[in-house]
Ligand code: ADP
């Protein structure tokens, strides 16, 4: 079996226990066949000392390249996070476009491509991850790499008109066409990407599903990412989970718990979610004193203004709902801006009668899958899921909502709180089957067998 080479901006730390399904899945794939995990070292250093750190863990070689402060700013903070992240999440209004940032992004991709090439052997299979490295395949090809390259986009691919709003979309599109196989989370993303290539670049769809564009033959296909459901289920029954859930359970007594767990990001629909919960209480006096919303959302990327504004808005909305509805013995929203261990989260998911996962746009959303996997099969909770989360494409047994529709979400929460155990169990059984069918192992196996099945002679 040929070696696997994984390139991702952040890698797992060599020698450390890996947290999270994705890091474990990629680590397992690398360990199984031997290979290299290439990415940013996490270090920001002066140009003179910029280098590449090599570490070995079993049969995985880690190759970790440093960034200078200027590279980190232009490539990572400015272009990846302030231009690509918002545009790919349909938020052109929040994007900041800057030629210098794009140039740095392209230069880092070129430099990383040269570094990576030195580590490659002819039979290797290269798998590049996510929006930081849209031009890495191109950089490898420019330096003479003829082997297969796969790419997986973890975030959504927006509709053609939105992607075309990026001033550098032409250059990015050419770069993406250097990959042999492009994996997306959903059929919607595949459709968006294909339509963009057809409309903007005259791509031709071939009968076998491939796309001919810029003189390349590429394949775009959906590979929905998943979790390890057994791991989450056992975490939900761990000591740490039980302690957290018992303690919180004592505090909320017989009230129903509604839970949201997200990174604090404008793509997650947090203000609309708090408004919906407030609307529910405004409209239904009976629920006052009988339900709690626990929203856990640690800040991410605080240096970006959009995140500061979001934080202020969440504080204001929580204050408004709590001010209007609290009494001496009950506060409706508990909003916590810090993160918890995966065990504690799994315990809280299991305790919660309702899981609220309502992003405005999301590549997949693993919290939706974790919430399902953590439930007690005898008495499961209800998942309320945004129709714009990638997960919704297959998790149709959830209560699906439009995350912009505050009234609709308030109704959905009421419905979930009132749902019979029979209906909850029926929906959960179907959702759990889906979480199992598309777990993280299936995801990486399906991607790699599609990539290896292609063969370079096709292109
Ligand atoms: P994203 O990749 O956009 O953050 P996902 O839902 O796909 O969204 O993945 C988020 C991962 O991070 C999940 O595994 C989730 O359990 C974890 N996570 C999210 N919020 C928190 C938090 N507050 N504390 C700890 N882990 C969190």
Whether any residue in the stretch 430-452 is within 17 Å of residue 274 (Cα to Cα) and either in the same structural domain as residue 153 (by TED's automatic domain parsing) or in contact with a helix residue (DSSP H, G or I) (Cβ under 9 Å, 6 or more places away or on another chain) (or both) is what I want to check.
no
Any hit, the stretch 324-347, residues being part of a helix (DSSP H, G or I) and surrounded by fewer than 16 Cβ atoms within 10 Å (Cβ to Cβ)
yes
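Does at least one position in the stretch 189-204 carry a residue that is within 16 Å of the ligand (Cβ to nearest atom) and surrounded by 16 or more Cβ atoms within 10 Å (Cβ to Cβ)?
At the first step, the residues of the stretch 189-204 found to be within 16 Å of the ligand (Cβ to nearest atom) are 189.
Imposing the further condition that a residue be surrounded by 16 or more Cβ atoms within 10 Å (Cβ to Cβ) reduces the set to 189.
The answer is yes; a qualifying residue exists.
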If we scan the stretch 113-129, do we find a residue that is at pLDDT below 95, closer than 28 Å to residue 365 by Cβ, surrounded by fewer than 23 Cβ atoms within 10 Å (Cβ to Cβ) and within 16 Å of the ligand (Cβ to nearest atom)?
no
Name the single residue, out of those in the stretch 352-383 being touching a strand residue (DSSP E or B) at 6+ places or on another chain (Cβ under 8 Å) and away from the ligand (no atom under 15 Å from the Cβ), that is farthest from residue 438 (Cα to Cα).
353
From the list 51, 74, pick out the single residue that is over 30 Å from residue 235 (Cα atoms), buried (at least 20 other Cβ atoms within 10 Å of the Cβ) and in the same structural domain as residue 170 (by TED's automatic domain parsing).
74
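So that you can scan it fast, the table gives a plain yes or no per residue for (1) in contact with a helix residue (DSSP H, G or I) (Cβ under 6 Å, 6 or more places away or on another chain); (2) assigned to a loop (DSSP other than H, G, I, E, B); (3) touching a residue at least 12 places away in the same chain (Cβ under 8 Å):
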| position | (1), (2), (3) |
| --- | --- |
| 122 | no, yes, yes |
| 127 | no, no, yes |
| 132 | yes, no, yes |
| 139 | yes, no, yes |
| 151 | no, no, yes |
| 156 | yes, yes, yes |
Out of the residues in the stretch 215-265 meeting the condition of being assigned to a strand (DSSP E or B) and in the same structural domain as residue 391 (by TED's automatic domain parsing), tell me which one is nearest to the ligand (Cβ to nearest atom).
261
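The values are calculated or read from the model by the stated rules, or taken from the named source; none is laboratory data. From a predicted model like this one, the values you see are computed outputs, not experimental measurements. Glycine gets a Cβ as well: all are built from the backbone with ideal geometry, and neighbour counts include every protein chain shown.
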